[in-house]
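Rule-based calculations on the coordinates, nothing more; no lab input. Predicted model, so just to flag it, every value in this text is computed and none were measured. When we count neighbours, we look across all protein chains shown, and the Cβ atoms used for this are built from the backbone with ideal geometry, even at glycine.
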Amino acid sequence: MRREVYLDNNATTPVAPEVVEAMAPYWSERFGNPSSVHRKGVEAERAMRAARATIARVLGVKESEVVFTSGGTEGDNLALKGVARALRRRGTHILTTAIEHPAVLESCRDLEAEGFRVTYLDVDARGLVTPEMVEAALTPETILVSIMHVNNELGTILPIAEIAERVKRRNPEIVVHSDGVQAVGKVPVNLRGVDLYTISGHKIHAPKGTGALIVREGVKLQPLLSGGGQERGLRSGTENVAGIVGLARALELMVENLEEKLAHFHRLRERFLAGVRHIPGARINSPEPSVPTTVNVSFPGIPAEVLLHALEEEGVFVSTGAACSSRKNRRSHVLEAMRLPPDIIASSLRFSFSRYTTVEDIDWAIEALHRARERLAARSPARSGRVQ
């Protein structure tokens, strides 16, 4: 059987066996609705309460500040639209970056249609915005700042704690949101000064359709959904108990022995980069600082989708960027924001690792890259050069 190497973990991850085991009872014998007052309901409610306590402990927040959602997109929508609509009388200015996930960018565009004014900060050549850049863009009308913690295409780590500190020093009433979907388990999470923080289960070996939004006490949100008033009235709808249990277990596993996991990721990244540097013309786009689980590389002269499918023939699965945008044939808005040349953008691939990725997987992927590139180069004029 041909070896398969999955290096698209920023798009989604396989569910961990321990997570499947933790969830199993809540699909069958403990299937109750947590709002029911009989024993089956109480069992489900207790499981949800325990999961909430675990997530709160891991992230260093209060249990009452954990609001369960269906994932990152809902969490981002609730954070941005909820705050903007709740605080409209205070101001109408929102500050974000040009490299945010589409869940944030499209929410901002929806809010612009409602009369809000949004500033999309440009990034530097490393894909970064600095605390100084954020502070300089604040106005007396600013009510919300939304800056992602880790970029999903590049792996760039944004200084969210320092940004939050700078914003709060300027005006403590400005709400600070961060999309932490690609950060949990890849960097230490410090939510000092952060009012809203989005996490998603399927990026950390929990099932799809699970997530949470951290909502600090005192932050006003207008709900997106009307209904039974679950989750402090912020997210009506019967809770996905099995998914919530799985999310908590996955989060617990991600931060367990985090230093060892990060060391493993760094070894994988260095081995991968060493291999890429021997591929003529390859250009590494991921900057420093970036998480060790994500490497964005361009192979000028070879369209990204063509190389992606050539790698798939070799049993290697990668991505051209954010999974939610890849089927729309859009150029990467992240790489465009970095002002990279069109041929670099059009030939970029994202390789992302998980704790199940091995050194042997990396070696296989590098060999597959060499074979695929040589095969494709034979069909078109050769390109040469050193890695940048």
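How far is helix 102-113 tilted off the main Cα axis of the chain, in degrees rounded to 10, range 0 to 90?
For 102-113 against the chain, the angle is about 60 degrees.
What trypsin sites (Lys or Arg not before Pro) does region 101-172 have in DSSP loop regions with at most 16 other beta carbons within 10 Å?
Passing sites in region 101-172 are 126.
Got a sec? Charge dipole of the chain, +1 on Cβ for Lys and Arg, -1 for Asp and Glu; which of 228, 11, 50 is way out at the positive end?
Positive-most Cα among the choices belongs to 228.
Sorted by packing (mean other beta-carbon atoms within 10 Å per residue), highest first, where do 265-278, 353-366 land?
Packing order, densest peptide first, comes out as 353-366, 265-278.
Under 14 Å from the 7 Å Cα→Cβ point of residue 363, by amide nitrogen: which residues of region 267-296?
Counting backbone N atoms under 14 Å from the label point, the list is 268, 271-272, 275.
Any chance you could get the radius of gyration and Dmax over the Cα atoms of the chain, in Å?
Values for the chain (Cα only, Rg and Dmax): 21.5, 71 Å.
Using the charge dipole of region 17-255 (Lys, Arg: +1 at Cβ; Asp, Glu: -1 at Cβ; taken about the Cα centre), state which of 247, 152, 131 has its Cα farthest towards the positive end.
The one lying farthest along the dipole's positive direction is 247.
Counting Lys +1, Arg +1, Asp -1, Glu -1, what net charge surrounds residue 133 among other residues with beta carbon under 12 Å of its beta carbon?
Counting the neighbours of residue 133, the net charge comes to -4.
Put a dot 7 Å past each Cα toward the Cβ at residue 222 and residue 306; how far apart are the dots in nm?
5.0 nm
Need the list of lysines near residue 168 for cross-linking: C-alpha distance under 25 angstrom, and skip anything on the same chain fewer than eight residues off.
Filter leaves 62, 81, 220.
Would you calculate a helix-derived [θ] at 222 nm for the chain, using -39,500 (n - 2.57) for each DSSP H run of n ≥ 4 and dividing by the full residue count, to the nearest 500?
-12000 deg cm²/dmol
Using alpha carbons only, how many degrees (0 to 90, rounded to 10) separate the axis of helix 241-255 from the longest principal axis of the chain?
On a 0 to 90 degree scale, this one is about 60.
So how tilted is helix 258-276 from the main axis of the chain? Cα-based, degrees 0 to 90, rounded to 10.
Between helix and principal axis, roughly 30 degrees.
Based on Cβ point charges of +1 for Lys and Arg and -1 for Asp and Glu, what charge dipole magnitude is obtained for region 17-255 about its Cα centre, in debye rounded to the nearest 20?
Value, rounded to 20: 660 debye.
Which loop GluC sites (Glu not before Pro) in region 75-167, with loop taken from DSSP, have no more than 16 other Cβ atoms within 10 angstrom of their Cβ?
114, 141
Tell me the relative contact order for the chain as a rounded percent, counting alpha carbon contacts under 8 Å between residues six or more apart.
23 percent
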